[in-house]
1. Give, as ranges by residue number, the residues of the range 372-401 whose backbone N falls under 12 Å from the point 7 Å along Cα→Cβ of residue 286.
2. Under 13 Å from a label point 7 Å along Cα→Cβ of residue 427: give me every residue in the range 306-348 with its amide N that close.
3. Compute the separation of the alpha-carbon centres of the range 52-113 and the range 602-665 and state it in Å as a whole number.
4. With labels modelled as points extended 7 Å from the Cα through the Cβ direction, what inter-label distance (nm, one decimal) is found for residue 58 paired with residue 328?
5. When we measure straight from the Cα of residue 633, which lysines land under 20 angstrom away, once same-chain ones fewer than 8 places off are left out?
6. Going by average Cβ neighbours within 10 Å, how do the peptides 526-532, 423-429 rank, with the highest at the top?
7. Mind checking the range 191-231 for trypsin sites (Lys or Arg not before Pro) that DSSP puts in a loop (not H, G, I, E or B) and that have at most 15 other Cβ atoms within 10 Å?
8. If you stretched the chain out fully between residue 223 and residue 454, how much longer would it get, using 0.36 nm times the residue separation minus the C-alpha to C-alpha distance?
Amino acid sequence: MKILHLICAVVLSCGTASVASAAGISIKYPGMKSTSYRLEFDASGKARGNLPLEVLRKSTVDGDVENVVYTVKAKERCWFSLADTVPTGMAVGGCDFYMPGFWYHRNMRSPEKAPSFRSSTDWSVREDRLSSPLTGVYDTVSRCGVSLMRIQSDFGALSDCVPQNLSGEVMLPGTTSVGSVGFCNDGDKASLVCAFPYVESPKRYIRKLTLIDPVKAFMKLDKDQTVTLSWQIRRSECADYSDFVADTWNYCYDTMKPLPLPDAMSDSEAKHYLSKYFVSSFVDDYKLKFFSGHAMRCDDCISTDAYQVGFVGRVLLNAFNAFEYAEKNSDSRLAEISASILGSVYEYGFTPEGYFIEDVRLGGNEISQELSIRRQSEGAYAILTWLNYERMRGRRHPEWDRRIREVMDRIVAMQNVDGSFPRKFRADGSHIDPTGGSTPSATLPLTMAYCYYKDKRYLESARRTGDYLKTELIDKADYFSSTLDADCEDKEASLYASTAMYYLSRVTKGKERERNLDLCRKAAYFCLSWYYMWDVPFASGQMLGDIGFRSRGWGNVSVENNHIDVFVFDFATVLRKLSEHYGEPRFSAFADVISSSMLQLMPVADNMYDIAKTGYYPEVVQHTTWDYGRNGKGFYNDIFAPGWTVASLWQMLSPDRLDYVFEKR
């Protein structure tokens, strides 16, 4: 097989030698091991050799893009697996790799039991693990990038089936449209790889920190049956890895053209249903009153004794959400509930040192001694949002003013010299986890506290977080360990970094403001890379497929946790602000995709989507062959935390908050 024209251009521009590319096909019959063949093509693109199927390869070049189309037609019934390798000529030692929503750089932030370069320099994964079915490599020396993306002519016709075995050579019991992409180290040179149907190697990642033996799938073709497979190879010249990620996201968006879901639920309708959660989940059996939103079952949604102020609980932000909704709709019962929660937290929700009590099982009075900058920040953020709302209406709460100032002063005092905050710590100030990945969560309340209290100490602290984010996260394109239940590259770190820089832009001026917006945009592309451009297929009998679920607009979570969720909060609003500032219509258009898609699993009376109660929005949506320990692809995990999903969607549905928090008064 002759070298691809595009790759010739890439290796020449990078000053490296050309490497011959290779395609192959494996044939399998029941009860037999597969037989593999290297494919060689004549001048017409037809594969030579005596094979049980015809393989035709067609290649066309358009600028920096090469389209490669395979047509496979069976001469007799057989099961096949087609693979191709795209060499780049780039030295692996100078390369970073990219598979959106799953792989960044070399995944070296990830533990040994999750996919990373620690385990292997060769990885292939199912396309439905990825927010776009793409693999890429960026040469930090030549500043060249190459990407390989699967092209589907009709995303509405996608299909999948459930294999009988998890590993080894697997003969699929039906049809699938899921292939795989990845990369490999070929003699210290980087190559991109693709296959159909899917291959996952050298290991399959099936649940949190669980790698098992690889799988190679074979799909049946009956005599005269034909399948057409298309990939697109693209060259790019980018200033750095961040630029490569941004450029590739724009290319994916322009190629896949994701559209908002039609007939999406209106904002007011969505809040109406979400408000049902506030009433049903209210727990008043203890001194601390709260919405139960952590560690409950999907099949009954019975409230538990688990109180969590931030992260997956988000009790205080939901207390404000309920308060605001009650006032707007003259709902006295909901107003009473929210006031009860706020009052109980003021009286019983703080440690003797003045921090928020973060995580407690109230039935056994089991208070975690571990504190986190993220939960403390999220608690302060919620109260400051409420205090701003109240002050705009001429109502003041001096007792809460003093309480939150104490929290914010403790946060400022804890800040490290480099501007970072420890991810986890104790009330005495000692560090449990000193890594700074959660730092941007503190930027939000720091900027808000500056606006509310007019205290420049909070602004200076926020600026120092911005300097840290620029130096350690954004400039290095290294977004890690914001989510508290994983130690790896994750979406929330980039989302918080982008949102933090936008908040900083609202309290700064001139060149400093423009710098903050530029950094916000740079981080936003990384966050966007986690969000799905396409609708992954499901098999018949998998609940998500049977109800017509569409994954576009939902975000994968982290390298450790390969499920999608509705973590968005202010991000859609930030995208619209960036779109307006930079004249970038892709941002606002994709924000519309997110906003329409994330409401589609709302449990309502005529369709509960396998959730027991109205408004309890699902959390762990398992869209690929990975699970949290229960159920697997096409279903939810059995345990979920609707407190944060309700808070996230409510914030998305309240875009005006960003403006009134920073309004000059």
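1. none
2. In the range 306-348, the label zone of residue 427 (backbone N under 13 Å from the point 7 Å along Cα→Cβ) covers 348.
3. If we compute the Cα centre of each part, the gap is 34 Å.
4. A separation of 5.3 nm, rounded to one decimal place.
5. 203, 208, 216
6. Highest mean packing first, the order is 526-532, 423-429.
7. On the way: sites: 203, 204, 207, 208, 216, 220, 223; in loops: 203, 208, 223.
Passing sites in the range 191-231 are 223.
8. Numbers: separation 231, 0.36 × 231 = 83.16 nm, distance 7.63 nm.
Contour length minus the Cα-Cα distance gives 75.5 nm.
The values are calculated or read from the model by the stated rules, or taken from the named source; none is laboratory data. Computed from a predicted model, the values in this text were never measured in an experiment. Every residue, glycine among them, receives a Cβ derived from its backbone with ideal geometry; neighbour counts consider all protein chains shown. Just the protein is used for accessible areas: all its heavy atoms, side chains included, with ligands, DNA and RNA removed. Shrake-Rupley method; radii C 1.70, N 1.55, O 1.52, S 1.80 Å.
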